[in-house]
Structures are given as structure tokens and as C-alpha cells.
Amino acid sequence: LNADGYDPLDPFGNITITWDFLSDNDDTIDVKVSIYNFQLFRHVEDPGWKLGWAWKGHEVIWAMLGAEAMEQGNCTIFRGKDKPHCCKKKPVIIDLMPGAPYNMQSANCCKGGVLTSLTQDVTKHIASFQMNYMKSSTSISGSNFSMPENFTLGVPGYSCGKPFEVPPTKFTKNGHRWLQVLVTLFLALYTAVIAKDNQE
């Protein structure tokens, strides 16, 4: 394994992020963010991933399940008793630790940011969290859904591609009836060598 993260035995491995819009609540949006380690051998080891991005507008995160922002930031414009979870223009999100309170958890959370490789444990190569955030005037695909930019993983050796829309994620709660989210956006993070090849 090279220092830049390139693994010649797994040249097309990547880490994929999906951004699923679950519901539109007029002023806020509920999303589910999932991180998949699609690498055969390379893990995301302790201290784990730290997912960062830059909001395009004036979004703020009101609430989170399964993860938390490292800093709340300056939320003084909100004068009420309840303050947003994070008001930073460039939030950095970290996984919860194992044993986090049940009411703070979501599916596939709470591994301390550690992701196994596909060959080590296919049940632990995914991390997910949910959040509710205030909308911005920025739109995507004619909707009111705003998508951040300049994603970072907080792990050396990766470069981010540009997010793009894919068919909406489908899910089932009982194994019989399938539902789908409103919009799904896809983002791949490649090792430095693969990213360079894709630009040529």
C-alpha cells in the first residue's frame, strides 16, 4: 500500500457517499448520509473518518442522529431557547462511539469512525447518520434541495469527485413494501493515483 493510499491490488476501490433526501418540511430538510468503504483490503482505521463539506448558502444543522458535528459554531442569531446543532459554514461530522445513548443512534452508526474493508467484514463497511437542516435558497434539479460542496473525508490519500444525481434509493421496512427517497446524490472519493488518472 503506497503512502498516497493507492493499492495496486485494488486499483478501482473507492469510498462512496450517498446523500438521500428523506423529506421536505418547508423550512427544513431531513437527509440520510451514508459512507461505504468499497475497498477490498484498506480499512478506515482509528481515529476514523471526519466528513467535512462547505454549505453553498446559509444552511444550519438543527439535529443529528448517529453522528455529531465537532463544533457548534456561532449560533447567536438564533435567540430562542433551542439552538441548532451546528451553525458552521464548513461543518466537520464525526461518528458516535460504541455505546452511545440509544436515542442518539441511527442504523450503521457508532463505530467511532472505523470502517472495515469488504473482505474483512461486509457488515461493518458502512456508516450512516441522519440530520435535519435549514434550507438555503440554493436549489438542485428544480427542487429546494441544497447540496454541499468541497467534501473531505479527514483521511489521508483521497480526492473527492463531484456529486451527481442518481436514481433514488429504495428501502423496505417489512420486506414486502418498497419505498424510495425523494432524491439521491452520489459522491465518490478516490485514492490520489486514481483521481489523477481520471483527470487525464
* Asked: Is it true that Thr76 is exposed (fewer than 15 other Cβ atoms within 10 Å of the Cβ) and among the β-branched types (Val, Ile, Thr)?
  -> yes
* To do: Filter the range 154-170 down to residues that are among the hydrophobic types (A, V, I, L, M, F, W, C) and buried (at least 17 other Cβ atoms within 10 Å of the Cβ) and give me whichever is farthest from Ile17 (Cα to Cα).
  => Val155
* Hey, can you tell me all the residues within the range 8-33 that are of a type in the set (S, T, N, Q) and either farther than 19 Å from Gln120 by Cα or in contact with a Gly (Cβ under 7 Å, 6 or more places away or on another chain) (or both)? => Thr18, Ser23, Asn25, Thr28
* What are the pairs, 6+ residues apart or on separate chains, where a residue within the range 163-176 that is within 28 Å of Leu189 (Cβ to Cβ) has its Cβ under 8 Å from a residue that is surrounded by 10 or more Cβ atoms within 10 Å (Cβ to Cβ) and among the charged types (D, E, K, R)? -> Pro163/Glu149; Pro168/Asp20; Thr169/Asp20
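Can you pull out every residue in the range 170-182 that is at pLDDT below 90 and closer than 18 Å to Ile35 by Cβ? I'd like the intermediate steps shown before the answer.
Of all residues in the range 170-182, those at pLDDT below 90 come to 171-179.
Within the range 170-182, Phe171 is the sole residue that qualifies.
The values are calculated or read from the model by the stated rules, or taken from the named source; none is laboratory data. Please read these numbers as outputs of a predicted model, since none were measured by experiment. Ideal geometry is used to build each Cβ from the backbone, glycine not excepted, and the neighbour counts take in all protein chains shown.
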